[in-house]
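Here is the structure we will look at.
The values are calculated or read from the model by the stated rules, or taken from the named source; none is laboratory data. None of the values given here were measured: they were computed from a predicted structure. Methodologically, a virtual Cβ is constructed for each residue, glycine included, from the backbone with ideal geometry; neighbour enumeration extends over all protein chains shown. We work out accessible area using only protein heavy atoms, side chains counted, and drop any ligands, DNA or RNA first. Shrake-Rupley method; radii C 1.70, N 1.55, O 1.52, S 1.80 Å.
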Amino acid sequence: MKIAAFLLLLAVPCAVAAQAPQPEATSLLGTPLVSAPPTGETKVRLEADLAKAKADYDRDPASADAAIWLGRRLAYLGRYRDAIDAFTQGMARHPNEARLYRHRGHRYITIRRFDLAVSDLGRASQLVAGKPDEVEPDGAPNKAGIPRSTLQSNIWYHLGLAQYLSGDFAGALASYREGMKVSRVNDDMLVATSDWLYMTLRRLKRDEEARQVLEPVREQMDVLENGAYHARLLMYKGLRTPESVLNLNTADDIQIATEGYGVGNWYLVNGDRARAKEVFDRVLAGKAWTAFGFIAAEADVKRGF
């Protein structure tokens, strides 16, 4: 999309909103995926955040930071293709800015373009090679207001995820091994990377190595925002039951997608394909289509597990 056309699209949010919602993506199973618009106070806050990001970009369109935040704010409103366009426009001016590739790669995962995600995130990993890591500011802060992830840990996390979703478990393993080198900064990143590393190793039938991943996992950890991953790891370690991790009677769609994929995968790698299918089907019956667990369930069902 040309810059002028992109700016025009951003300038007419009311006209865009008045149209019938268009799919942001198509699921791996062929279902059109439409973003659910935010409501109430959340809508007001997110639209105000976007307005500020747009004003910052208009004031300094040559700023990489402005392009990144414009794209992130668009994505928080479910406008994933517009977000990708914003990151792409930023790359035209900053072709060696790793953060733009990191964020665009994330949103390519959201719209199920894993090939493009792998390309972007692989490029991001090359651009940060040999450089010091940096804390990544939060767009949706945790309750403590403390950023927990870093640029490099997010690059490797999302690269491994894109490869896992593509069925390239060997590639995902290599990425998550690299990711673990920069994921020990705190327990939140440790459990996030450990969870996908464990699942990858189990898919590769490297069960003893998977067991070793669980050794640092304890019931009491300093986890502020990745409680779902922590719970899943405790389940893998035998300290929680699948039923205690996923209560289908009380969980909402996001919880079912996030916890459900871990539980379904646990059944799968332990030989209970029927239970795995039951859980994956329940995940896909929900509406949390942007959740990584939802996308992973889609990918597994598409592949026939």
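For the reader, a short list of remarks on this structure follows.
- Only residues that are without any contact (Cβ under 8 Å) to a residue 60 or more places away in the chain and buried (at least 19 other Cβ atoms within 10 Å of the Cβ) were counted in the stretch 156-168, giving 7.
- Candidate set: the stretch 274-299, residues that are more than 17 Å from the chain's Cα centre (by Cα) and among the acidic types (Asp, Glu); chosen: the one farthest from Tyr80 (Cα to Cα): Glu278
- For the stretch 75-93, residues that are open to solvent by less than 30 Å² (accessible area, probe 1.4 Å), without any contact (Cβ under 8 Å) to a residue 40 or more places away in the chain and either of a type in the set (S, T, N, Q) or over 19 Å from Pro38 (Cβ atoms) (or both) total 4.
- Helices (runs of 4 or more DSSP H) fully within the stretch 30-125 counting 3 or more residues that are closer than 30 Å to Val301 by Cβ and at pLDDT 95 or above: 64-76, 80-93, 98-110
- Look at (1) crowded, with 22+ Cβ neighbours inside 10 Å; (2) within 27 Å of Leu224 (Cβ to Cβ) and you find that Ala67 fails only one, number (2).
- Residues of the stretch 250-284 that are among the charged types (D, E, K, R) and open to solvent by 60 Å² or more (accessible area, probe 1.4 Å): Asp252, Arg273, Arg275, Lys277, Glu278, Asp281, Arg282.
- Candidates Leu233, Leu239, Leu204, Leu246, filtered to the one that is surrounded by fewer than 23 Cβ atoms within 10 Å (Cβ to Cβ) and either touching a helix residue (DSSP H, G or I) at 6+ places or on another chain (Cβ under 8 Å) or at pLDDT below 95 (or both): Leu204
- Members of the stretch 140-155 found to be open to solvent by less than 50 Å² (accessible area, probe 1.4 Å) and closer than 18 Å to Thr110 by Cβ, listed by number: Ser149, Asn154, Ile155
- Filter result for the condition that a residue is open to solvent by 40 Å² or more (accessible area, probe 1.4 Å), in contact (Cβ under 8 Å) with a residue 60 or more places away in the chain, part of a loop (DSSP other than H, G, I, E, B) and at negative phi, over Lys302, Lys287: Lys287
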